[in-house]
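Have a look at the structure below before the remarks.
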There are 2 protein chains.
Amino acid sequence: MPQPPPAEPGMREEEVDTPALLLDLDAFEHNLDTMAALLAPTSTRLRAHAKTHKSPVVALAQMRRGAVGQCVQKVAEAEALAWGGVPDILVSNEVIAPRKLARLAALSRIARVSVCADDPSGVAAIEAAAEAAGIRMTVLVEIDVGAGRCGVPPGPPAVALAERIAGSRHLVFGGLQAYHGSAQHRRRPEERAAAIAEAADGTRRTVEQLRQRGLDCPIVGGAGTGTFALEAASGVWTEIQAGSYAFMDADYARNADPPPFRQALFVLAGVMSAPRGGVAVLDAGHKAVPTDSGLPLVHGFPGATYVGASDEHGTLHGEALPRLGEVVRLVPGHCDPTVDRYDWYVGVRRGRVECLWPVAARGAMA
Amino acid sequence: MPQPPPAEPGMREEEVDTPALLLDLDAFEHNLDTMAALLAPTSTRLRAHAKTHKSPVVALAQMRRGAVGQCVQKVAEAEALAWGGVPDILVSNEVIAPRKLARLAALSRIARVSVCADDPSGVAAIEAAAEAAGIRMTVLVEIDVGAGRCGVPPGPPAVALAERIAGSRHLVFGGLQAYHGSAQHRRRPEERAAAIAEAADGTRRTVEQLRQRGLDCPIVGGAGTGTFALEAASGVWTEIQAGSYAFMDADYARNADPPPFRQALFVLAGVMSAPRGGVAVLDAGHKAVPTDSGLPLVHGFPGATYVGASDEHGTLHGEALPRLGEVVRLVPGHCDPTVDRYDWYVGVRRGRVECLWPVAARGAMA
């Protein structure tokens with residue numbers, strides 16, 4: 001059962017029921033405009049990653065500013081976007097299970113849908129689903145450009161898989177998925193530059209080998225919020241898959257040269273106990289603000305530190321703390337899993353609730 | 001929007017869509033029966049904690065075996081339970097916000113509802129809500145017995161707050177909330193025994209001081225899965241608030257003397273990439289299996305280790321791994337936040353899906 005909205009338009013921020021997922025609309029729009037302006041002079045386009053925002057409303061706001069489509073990691077996310085009117089969706093991930101592929105093929109009746117593969121048996125599974133649905137599915141080859149997770153090695157193994165796709169009556173070869181996830185969070189710019197330079201070498205080489213075999217790459221996709229300027233400048237990538245840029249989080253803020261975006265996403269929490277001097281206990285623990293990338297920061301209380309998260313409690317220590325019954329904005333450690341904890345965005349501007357948007361793909365893991 | 005059920009009754013476990021929350025019904029029923037048998041000869045009763053299971057179905061199964069009611073941490077959890085037919089619910093936590101207290105007071109028309117306080121202003125807020133709703137609300141005083149989180153100190157501060165409650169026309173003094181959360185996970189039994197002995201001293205002293213002022217404690221509540229035998233044997237506590245015992249997790253299994261319950265809760269994950277020898281990538285990362293208490297264990301593959309979780313991917317290393325397209329059971333690091341990620345329990349017995357139960361209070365954080 002979805003949770004009821006924690007606010008109504010027109011309310012003051014302090015009246016919002018806690019914990020709540022707050023979107024500072026001025027900062028959010030600034031971030032969308034900034035990314036559009038940064039990519040405009042380059043040859044790359046934005047295909048924003050919806051694993052961060054999980055919302056057709058956000059997706060369409062990105063596309064109105066020039067994004068060519070959206071990425072997702074899961075078929076269930078693709079469904080939520082397509083049902084919400086998003087016309088072009090890339091599953092930037094492998095999908096193997098026949099039931100999932102049947103759902104994805106069904107979706108291609110209402111949206112342009114593509115998916116990745118890194119194994120011949122995966123290609124065969126996509127082929128079978130496309131044939132059964134009577135459609136042609138676009139498939140990208142994922143290459144491992146340094147992340148060490150999924151993907152075939154750049155070069156001949158990628159070319160072989162691409163030829164397997166291109167040779168199928170039911171599939172279309174769509175290009176390369178070349179994402180270096182862990183590079184986003186390397187703290188020093190020279191570390192990130194070195195990682196992306198190496199990723200660019202392997203990707204460029206693979207694109208050239210494919211061209212020699214007569215295979216063009218309509219999409220060469222990759223990059224995230226921590227490195228997208230490097231990929232955009234490389235001349236190799238055609239699409240940038242940044243997601244966090246719209247919201248930002250405490251982890252990206254820890255990079256030595258944080259990306260040029262404002263903190264737009266917060267968890268609004270309330271103080272529900274103040275048992276001793278120098279201590280305030282919030283109604284937001286790690287169920288409300290996941291801690292996989294560190295504890296949240298306390299916004300607007302420079303002397304306050306969020307020192308510990310249990311399931312439903314967050315403990316603040318400090319000299320000047322919010323008082324019992326007051327609310328406070330937390331900056332999540334990691335925006336993606338935080339958004340996925342909530343059914344609603346509460347959009348605020350200058351202290352007032354302006355809108356409520358459903359997190360339509362909340363929990364869409366299948 | 002809730003996610004669709006990932007299975008249907010009668011399916012084989014391998015056919016369940018992944019990731020999915022699996023409940024091994026034989027182990028689950030064993031755990032419920034075991035707890036009932038362990039508490040039967042004692043003077044304490046079980047008030048199981050629903051922050052773990054978030055399900056009226058589970059709650060009523062516990063109550064059929066003798067549990068006197070349920071605990072919750074949040075008003076929204078209390079709502080989900082009361083709407084599902086649970087007749088007796090303690091919010092084992094402070095509630096301060098007037099809107100939340102109004103919802104709790106409204107709920108007391110259909111269930112017996114009580115709540116905790118650790119501050120006179122909190123008592124005043126509960127009083128105002130009870131008066132406005134025209135009901136009497138039962139309030140427990142939370143004492144800090146070593147957890148260092150919420151609660152007044154044992155002894156005179158607790159007595160003063162209890163007298164404040166007992167003196168109100170709209171409130172009933174319900175007893176003490178005396179929970180030592182962090183003691184559950186101390187690895188060695190003598191560490192846990194020492195922590196609970198100290199908690200018992202402070203609680204016993206407070207109960208006696210209250211009695212001297214003419215105030216009885218109908219409920220003295222506390223304890224969790226890691227220590228409940230100590231509290232049950234103490235003669236101090238009347239109610240045990242264990243939750244995890246029904247499911248278990250990898251963290252409790254790391255105690256030197258794990259509690260006498262079986263692993264009943266799993267996340268079923270599928271291998272969606274097998275890019276290199278010795279590596280398998282699952283479709284379950286930390287969105288599917290929260291890692292606040294460590295990475296999950298891989299069930300049934302003794303040589304396989306879950307070495308890393310990203311948002312949607314879990315990487316296994318090992319010699320003998322599940323193959324591409326196969327499913328595998330993961331033992332979550334921490335059962336509470338894991339359950340809260342899913343809309344459905346898939347109940348399985350001997351390899352077949354037997355039932356689907358909604359996680360009715362999924363995301364109920366307000």
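The values are calculated or read from the model by the stated rules, or taken from the named source; none is laboratory data. Everything numeric here is computed off the predicted structure, so don't read it as measured data. Using ideal geometry, Cβ is built from the backbone for each residue, glycine included, and neighbour counts are taken over all protein chains shown. For accessibility, only protein heavy atoms count, side chains too; no ligands or nucleic acids. Shrake-Rupley method; radii C 1.70, N 1.55, O 1.52, S 1.80 Å.
Odds and ends about this structure:
- For the range B:1-39, the set of residues classified as among the polar types (S, T, N, Q) and either part of a strand (DSSP E or B) or more than 10 Å from chain A (Cβ to nearest Cβ) (or both) consists of B:Asn31, B:Thr34, listed by residue number.
- Close pairs from the range B:147-163: first away from chain A (no Cβ under 12 Å), partner open to solvent by 60 Å² or more (accessible area, probe 1.4 Å), Cβ under 7 Å, at least 6 apart: B:Pro154/B:Arg205; B:Gly155/B:Arg205; B:Val159/B:Arg213; B:Glu163/B:Arg213
- Checking A:Leu215, A:Leu176, A:Leu171 one by one, the residue that is touching a Cys at 6+ places or on another chain (Cβ under 8 Å) and on the phi < 0 side of the Ramachandran plot is A:Leu176 and no other.
- Count of residues meeting criterion [surrounded by fewer than 24 Cβ atoms within 10 Å (Cβ to Cβ) and within 13 Å of chain A (Cβ to nearest Cβ)] in the range B:341-361: 6
- Screening A:Glu191, A:Glu198 for residues that are open to solvent by 30 Å² or more (accessible area, probe 1.4 Å), in contact with a Gly (Cβ under 7 Å, 6 or more places away or on another chain) and more than 22 Å from A:Met365 (Cα to Cα) leaves exactly one candidate, A:Glu198.
- Among the residues of the range A:247-279, the one identified as away from chain B (no Cβ under 14 Å) and free of Cβ contacts under 8 Å to residues at least 24 places away in the same chain is A:Pro258.
- Residue ID - farthest from B:Val115 (Cα to Cα), chosen from residues in the range B:136-158 that are open to solvent by less than 10 Å² (accessible area, probe 1.4 Å) and not in a strand (DSSP E or B): B:Gly155
Table: residues versus (1) under 14 Å from the mean Cα position of the chain (by Cα); (2) under 20 Å from B:Gly146 (Cα atoms).
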residue: B:Gly167; (1), (2): no, no
residue: B:His170; (1), (2): no, no
residue: B:His180; (1), (2): yes, yes
residue: B:Ala183; (1), (2): no, yes
residue: B:Leu215; (1), (2): no, no
residue: B:Ala223; (1), (2): yes, yes
residue: B:Arg262; (1), (2): no, no
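- Residue satisfying all of: in the range A:57-108; surrounded by 21 or more Cβ atoms within 10 Å (Cβ to Cβ) and in contact with a Phe, Trp or Tyr (Cβ under 8 Å, 6 or more places away or on another chain); farthest from A:Asp33 (Cα to Cα) among these: A:Ser92
- Set B:Val172, B:Val113: member being assigned to a strand (DSSP E or B), surrounded by fewer than 22 Cβ atoms within 10 Å (Cβ to Cβ), hydrophobic (A, V, I, L, M, F, W, C) and in contact (Cβ under 8 Å) with a residue 12 or more places away in the chain: B:Val172
- Members of the range A:280-330 found to be in contact (Cβ under 8 Å) with a residue 24 or more places away in the chain, open to solvent by 20 Å² or more (accessible area, probe 1.4 Å), among the aliphatic types (A, V, I, L, M) and within 14 Å of chain B (Cβ to nearest Cβ), listed by number: A:Leu295, A:Ala309, A:Leu324, A:Val327
- Count of the range A:278-291 residues which are among the charged types (D, E, K, R) and in contact with a helix residue (DSSP H, G or I) (Cβ under 6 Å, 6 or more places away or on another chain): 1
- Among the residues of the range B:175-188, those identified as assigned to a loop (DSSP other than H, G, I, E, B) and open to solvent by less than 40 Å² (accessible area, probe 1.4 Å) are B:Ala178, B:His180.
- Hey, B:Ala232 within 12 Å of chain A (Cβ to nearest Cβ), farther than 23 Å from B:Asp26 by Cβ and crowded, with 21+ Cβ neighbours inside 10 Å or not: no
- Given (1) open to solvent by less than 10 Å² (accessible area, probe 1.4 Å); (2) of a type in the set (Gly, Ala, Ser); (3) under 19 Å from the mean Cα position of the chain (by Cα); (4) within 12 Å of chain B (Cβ to nearest Cβ), number of the condition A:Gly122 does not satisfy: (3)
- If the condition is being in contact with a helix residue (DSSP H, G or I) (Cβ under 8 Å, 6 or more places away or on another chain) and surrounded by fewer than 24 Cβ atoms within 10 Å (Cβ to Cβ), then the range B:255-277 contributes B:Asn255, B:Ala256, B:Asp257, B:Pro258, B:Pro259, B:Pro260, B:Phe261, B:Arg262, B:Gln263, B:Ala264.
A quick yes/no check of all residues on (1) of a type in the set (Lys, Arg); (2) in contact with a strand residue (DSSP E or B) (Cβ under 8 Å, 6 or more places away or on another chain); (3) facing chain A (nearest Cβ under 10 Å); (4) over 28 Å from A:Val339 (Cβ atoms):
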{"residue": "B:Ala48", "(1), (2), (3), (4)": "no, yes, no, yes"}
{"residue": "B:His53", "(1), (2), (3), (4)": "no, no, no, no"}
{"residue": "B:Ala61", "(1), (2), (3), (4)": "no, no, no, yes"}
{"residue": "B:Val75", "(1), (2), (3), (4)": "no, yes, yes, no"}
{"residue": "B:Leu81", "(1), (2), (3), (4)": "no, yes, no, no"}
{"residue": "B:Glu94", "(1), (2), (3), (4)": "no, yes, yes, no"}
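- In this structure, A:Arg276 qualifies as more than 30 Å from A:Gly226 (Cβ to Cβ) and among the basic types (Lys, Arg).
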